[in-house]
Amino acid sequence: KNLLDDLPSSLSSCSSLRSLIISFNRFSSLPDVIYDCPSLETLLASDNQISFLNVDGFLKMRSLMTLDVSNNDISQVPPQLGLVQWLKHLELGGNSFRNPRPAVLAKGTASLLEYLRDRIPT
């Protein structure tokens with residue numbers, strides 16, 4: 001375990017950063033600087049205290065293919081997360097939300113993203 005709860009703003013100058021592992025820390029949210037890393041393909045942020053997901057931030061991350069925010073304090077999964085269709089691996093298990101249910105999570109990322117898109121208010 002580490003004690004990190006923020007990242008330096010200079011991280012955004014790492015324009016070729018492809019993988020970031022910040023699991024097992026004390027983040028209550030994902031630092032905004034992460035959304036300014038255009039080449040980031042893998043973000044592992046499990047086992048923190050993250051309570052919400054910034055969909056607008058993820059929509060800027062066109063290279064992001066793997067997102068692991070399992071075992072955090074996420075109480076609600078915004079349906080708009082389904083718009084991040086380039087995600088290949090999304091891990092949400094071990095959070096406090098009721099929907100989507102574990103059976104939906106077990107079907108895999110593509111099914112989960114479709115489930116979320118179907119729930120976007122029109």
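Where a number appears in this text, it was derived from the coordinates with a stated rule and is not lab data. Only a predicted model underlies this, so the values are computations on that prediction, with no experimental measurement involved. Please note: Cβ atoms are built from the backbone with ideal geometry, for glycine as well, and neighbour counts cover all protein chains shown.
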- Item | Value at 222 nm in deg cm²/dmol, rounded to 500, when DSSP H runs of n ≥ 4 in the chain each add -39,500 (n - 2.57) | -3500 deg cm²/dmol
- Task: Enumerate the calculated ³J(HN,Hα) couplings along region 65-82 in order (Karplus 6.51 cos²θ - 1.76 cosθ + 1.60, θ = phi - 60°), each rounded to whole Hz, writing x wherever the residue is Gly or Pro.
- Result: 10, 10, 10, 10, 10, 6, 6, 10, 10, 6, 9, 8, 9, x, x, 5, 4, x
- Spatial extent of the chain: Rg and Dmax, with the Cα atoms as the point set, Å: 13.8, 42
- Once you list every other residue whose beta carbon is under 10 Å from the beta carbon of P100, what net charge do they have if Lys and Arg are +1 and Asp and Glu are -1? +4
- Computed over the chain, the relative contact order (Cα-Cα under 8 Å, seq sep at least six) in percent reads 19
- Message: How far apart, in nanometres, would the label points at E114 and R18 be if each is projected 7 angstrom from Cα along the Cα-to-Cβ direction?
- Response: 3.0
